[in-house]
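K.L.:
Quick one: the structure is below, and I'll ask about it shortly.
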Amino acid sequence: MHPISIVLLGLAMSTDAFAAALGRGAGMLRPRWPQALRIGLIFGAVEALTPVIGWLLGSAASSYIKAWDHWVAFGLLSLLGLHMIYKATAAPPAHDEAPARNDGLWAVALTGLATSIDALAVGVGLAFVQVNIFIVAGVIGICTLLMVTLGVMTGRALGALIGRRAEMVGGVVLVLVGATILYEHLSAAA
């Protein structure tokens, strides 16, 4: 995988967490950098761990589908990307929910886990391509750390404006990364 694709994948994986951080920041009275960094570290650690778990699961199945593994990676990434685009364009809930004010360790960790399920599926897809999962997971974790920290700090002012757009851009990037993987494998075979 090309280094630019890895960075784009890391940024795409962090958009859900960024949107959640905007909401969390909007619910905090006056977020401070140490609070934002703590939340970013938790999200980043969870987001870095889940693709490794997915990769391990996918590696166990890779010997069975080696001939069409690039199609699996393309399909998983594309479906995840399209789902993110759908969520970003779907109508908002009918009622306004008050933002959560609980920023305890478990609440933050559970929110981080909820936003990293897509990274688990990406890890499964990456098991079928030639990639160092630890580098990819590290990049995803660092991108998430940075995006969540910034998201918390800017949440009060920009949460409603940027959140849905960030998720849409992340979905488009996932589809493009999947298409790039497919193109690289098909052009190498030709």
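The values are calculated or read from the model by the stated rules, or taken from the named source; none is laboratory data. All values reported here derive from a predicted model rather than from experimental measurement. Methodologically, a virtual Cβ is constructed for each residue, glycine included, from the backbone with ideal geometry; neighbour enumeration extends over all protein chains shown.
K.L.:
Within segment 25-45, take every residue that is part of a helix (DSSP H, G or I) and touching a Gly at 6+ places or on another chain (Cβ under 6 Å) and give me the one that is farthest from residue 118 (Cα to Cα).
P.N.:
The extreme case among them is 26.
K.L.:
Right, another one. Could you pull out the residue among 60, 17 that is at pLDDT 75 or above, surrounded by 24 or more Cβ atoms within 10 Å (Cβ to Cβ) and assigned to a helix (DSSP H, G or I)?
P.N.:
Checking each option against the conditions leaves just 17.
K.L.:
Cβ-Cβ below 6 Å, separation at least six or inter-chain, first residue in segment 21-38 and closer than 13 Å to residue 151 by Cβ, second among the β-branched types (Val, Ile, Thr): which pairs?
P.N.:
21/148; 21/152; 24/152; 25/152; 31/152; 36/149; 36/152; 37/149
K.L.:
Using the structure shown, decide if residue 78 is in a helix (DSSP H, G or I), crowded, with 19+ Cβ neighbours inside 10 Å and modelled with pLDDT under 90.
P.N.:
Answer is yes for this residue.
K.L.:
Six or more apart or on different chains, Cβ atoms under 6 Å: show the pairs whose first residue is in segment 160-186 and among the basic types (Lys, Arg) and whose second is modelled with pLDDT of 70 or more and in a helix (DSSP H, G or I).
P.N.:
Here the result reads 164/88, each pair linking segment 160-186 to a residue that is modelled with pLDDT of 70 or more and in a helix (DSSP H, G or I).
K.L.:
Name the single residue that is nearest to residue 60 (Cα to Cα) among those in segment 105-153 being part of a loop (DSSP other than H, G, I, E, B) and more than 16 Å from the chain's Cα centre (by Cα).
P.N.:
The residue in question is 127.
K.L.:
Does residue 148 satisfy the criteria of being buried (at least 24 other Cβ atoms within 10 Å of the Cβ) and aliphatic (A, V, I, L, M)?
P.N.:
Yes: the conditions hold for residue 148.
K.L.:
Tally time: how many residues in segment 154-175 are farther than 11 Å from residue 26 by Cα, at pLDDT below 70 and surrounded by fewer than 15 Cβ atoms within 10 Å (Cβ to Cβ)?
P.N.:
The qualifying residues number 1.
K.L.:
Continuing with this model, one more query. Name the residue, out of 151, 178, 125, that is among the small types (Gly, Ala, Ser), under 16 Å from residue 76 (Cα atoms) and modelled with pLDDT of 80 or more.
P.N.:
125
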